Amino acid sequence: MNLHEYQAKVLFARFGIPVPRGQVAADLAEVEQAAAALGDGPWVLKAQIHAGGRGKAGGVLTCSDRPALQQAAAGLLGRRLVTAQSGPDGLPVQRLLVEQTTAIARELYLGLLVDRAARRVVIVAATAGGMEIEDFAVAHPEDVLVTQVQPAVGLQPWHGRRLGFFLGLAPAQMPALQALLAGLYRLFIDCDASLVEVNPLVVTTAGDLLAVDAKINLDDNALVRHPDLAALRDPTQEDPREAAARALALNYISLDGDIGCMVNGAGLAMATMDLIKLHGGAPANFLDVGGSASAERVAEAFKLVLTEGKVRAVLVNIFGGIVRCDLIAEGILGAVREIAVGVPVVVRLQGTNAAAGLALLAQSGLAIETATGLDEAADKVVAAAARQEGQR
């Protein structure tokens, strides 16, 4: 789960990480109140969306006086901001962060994330901030330092010293870096984060360290332990289909293709998408209905897939281990009848009661193709999608 910058900075402050003075605003009146509370300008106005690249897209503006601040806020509130990370439709701007400007001497990068291969939390530091760290790391690998934290002992003083020397900080700034790094690590562990990023971490002209930006991603699987953090979710920043899937306890991710996929089991779902690509098609989504899917759950999942207007064919690939294939077939038939599906549907069933399930589909009188093998299913659905495209 992603947090907005203003939410991340509240957490930063709670863990002793220095951030600029700022206030969040949801309308022009609150923007004016924030400016009055912060004192004389200039101010920085930041659109709050779950995507990077806001500055290049006009979502981060410096305003020297109140009229300029109001004009900039009016231009941002309520619009959809399109950035390099938001997708072509952009994301809605419903809140703005108003902050005091910072006198910047240097910009650095500091982030903590999980390295799954190493099974460690790693700290990533770079001698330049305010840019896409992935691109910078490719272009200037010598200016990026990655160091691991051993989970049994946690963060140690030598981590801070190594990072400080690498970043070229003065000896007098080392204690501040140690404290800031300790706060970031405590936040990462205590909040079950998967990413904590400060980009940029600035050295001010006075020599202080300040987290001018803040990004936090939380582990969805751990939110049950953090109801206060779960309450920070902003569904307006998410694909509505993904939000609907979450409410149904389904795992759904929208993709760019035109073949809808409904599969039980994440591994089988990934293999199914690979096969569709191998046979010349493109999946429209990842959808795992789970190993114990019921007929009702399958019906809801089917409806979800078909809300993607770009879908030209649907492949249902179910392995009946725990779940019975005849019950899955009933769910598919119920959904097809209820929605009046207008695109071809290919169904592959294997496992418990697969023959009974396939018989139900064959006897239904509905335009549903069946398949027994994975390659056969992929061939049929790719061909069906191509026919639909040809009829447009």
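Some points to look at:
- When we screen LEU229, LEU248, LEU278 for residues that are modelled with pLDDT of 85 or more, open to solvent by less than 80 Å² (accessible area, probe 1.4 Å) and among the aliphatic types (A, V, I, L, M), the only hit is LEU229.
- Within the stretch 253-266, the residues that satisfy the criterion of being in contact (Cβ under 8 Å) with a residue 24 or more places away in the chain and either over 13 Å from ASP220 (Cβ atoms) or out of contact with any strand residue (DSSP E or B) (no Cβ under 9 Å at 6 or more places or on another chain) (or both) are SER254, LEU255, ASP256, GLY257, ASP258, ILE259, GLY260, CYS261, MET262, VAL263, ASN264, GLY265.
- Just one of the listed residues (THR205, THR147, THR236) is touching a Lys or Arg at 6+ places or on another chain (Cβ under 7 Å) and of a type in the set (Ser, Thr, Tyr), and it is THR147.
- Residue in the stretch 317-325 that is modelled with pLDDT of 90 or more and under 23 Å from ASP258 (Cβ atoms) present: yes
- Pairs are defined by a Cβ separation below 7 Å, a sequence spacing of at least 6 or placement on different chains, a first member in the stretch 176-202 that is under 11 Å from ILE17 (Cβ atoms), and a second member that is at pLDDT 95 or above and of a type in the set (Phe, Trp, Tyr); the pairs so defined are GLY183/PHE15; ARG186/PHE15; LEU187/PHE15; VAL196/PHE188; LEU201/TYR109.
- Restricted to the stretch 152-163, and to residues there that are small (Gly, Ala, Ser) and farther than 22 Å from VAL212 by Cβ, the residue that is surrounded by the most Cβ atoms within 10 Å (Cβ to Cβ) is GLY154.
- When residues of the stretch 55-97 are limited to those that are out of contact with any Leu (no Cβ under 7 Å at 6 or more places or on another chain) and basic (Lys, Arg), the one modelled with the lowest pLDDT: LYS56
- Residues that are touching a Gly at 6+ places or on another chain (Cβ under 8 Å) and open to solvent by 10 Å² or more (accessible area, probe 1.4 Å), drawn from the stretch 195-212: LEU195, GLU197, ASN199, PRO200
- If the condition is being at pLDDT 95 or above and either open to solvent by less than 30 Å² (accessible area, probe 1.4 Å) or over 24 Å from the mean Cα position of the chain (by Cα) (or both), then the stretch 1-13 contributes LEU3, HIS4, GLU5, GLN7, ALA8, LYS9, LEU11, PHE12.
- For the stretch 1-36, filtering for residues that are in contact (Cβ under 8 Å) with a residue 24 or more places away in the chain and either small (Gly, Ala, Ser) or farther than 16 Å from ASP190 by Cβ (or both) leaves 22.
- Filtering the stretch 58-94 to residues that are within 24 Å of LEU38 (Cα to Cα), touching a residue at least 40 places away in the same chain (Cβ under 8 Å) and in contact with a Gly (Cβ under 8 Å, 6 or more places away or on another chain) leaves VAL93, GLN94.
- Matching residues, the stretch 265-275, being touching a Phe, Trp or Tyr at 6+ places or on another chain (Cβ under 7 Å) and open to solvent by 10 Å² or more (accessible area, probe 1.4 Å): GLY265, LEU268, MET273
- Cβ pairs under 7 Å, 6+ apart, first in the stretch 278-307 and closer than 21 Å to GLY267 by Cβ, second among the acidic types (Asp, Glu) and at pLDDT 75 or above: HIS279/ASP379; ALA282/ASP256; ALA282/ASP258; ALA284/ASP258
- Scan of the stretch 21-35 for residues that are open to solvent by less than 20 Å² (accessible area, probe 1.4 Å) and farther than 16 Å from ASP65 by Cα, ordered by number: ALA25
- Flag if MET262 is open to solvent by 10 Å² or more (accessible area, probe 1.4 Å) and either farther than 25 Å from GLU132 by Cα or not acidic (Asp, Glu) (or both): no
- Residue in the stretch 92-101 that is surrounded by fewer than 15 Cβ atoms within 10 Å (Cβ to Cβ) and basic (Lys, Arg) present: no
- Residues that are part of a helix (DSSP H, G or I) and either farther than 15 Å from ALA301 by Cβ or more than 22 Å from the chain's Cα centre (by Cα) (or both) within the stretch 241-275 comprise GLY267, LEU268, MET270, ALA271, THR272, MET273, ASP274, LEU275, listed in sequence order.
- Entry remark, the stretch 107-151: residues being open to solvent by less than 30 Å² (accessible area, probe 1.4 Å), in contact (Cβ under 8 Å) with a residue 60 or more places away in the chain and small (Gly, Ala, Ser) number 2 in total.
- Helices (runs of 4 or more DSSP H) (entirely within the stretch 276-392) containing at least 2 residues that are within 21 Å of ALA247 (Cβ to Cβ): 295-306, 325-339
The values are calculated or read from the model by the stated rules, or taken from the named source; none is laboratory data. Everything numeric in this text was worked out from a predicted model, so none of it was measured. Virtual Cβ from ideal backbone geometry, glycine too; neighbours counted across all protein chains shown. Surface areas here come from the heavy atoms of the whole protein model, side chains and all, with no ligands, DNA or RNA. Shrake-Rupley method; radii C 1.70, N 1.55, O 1.52, S 1.80 Å.
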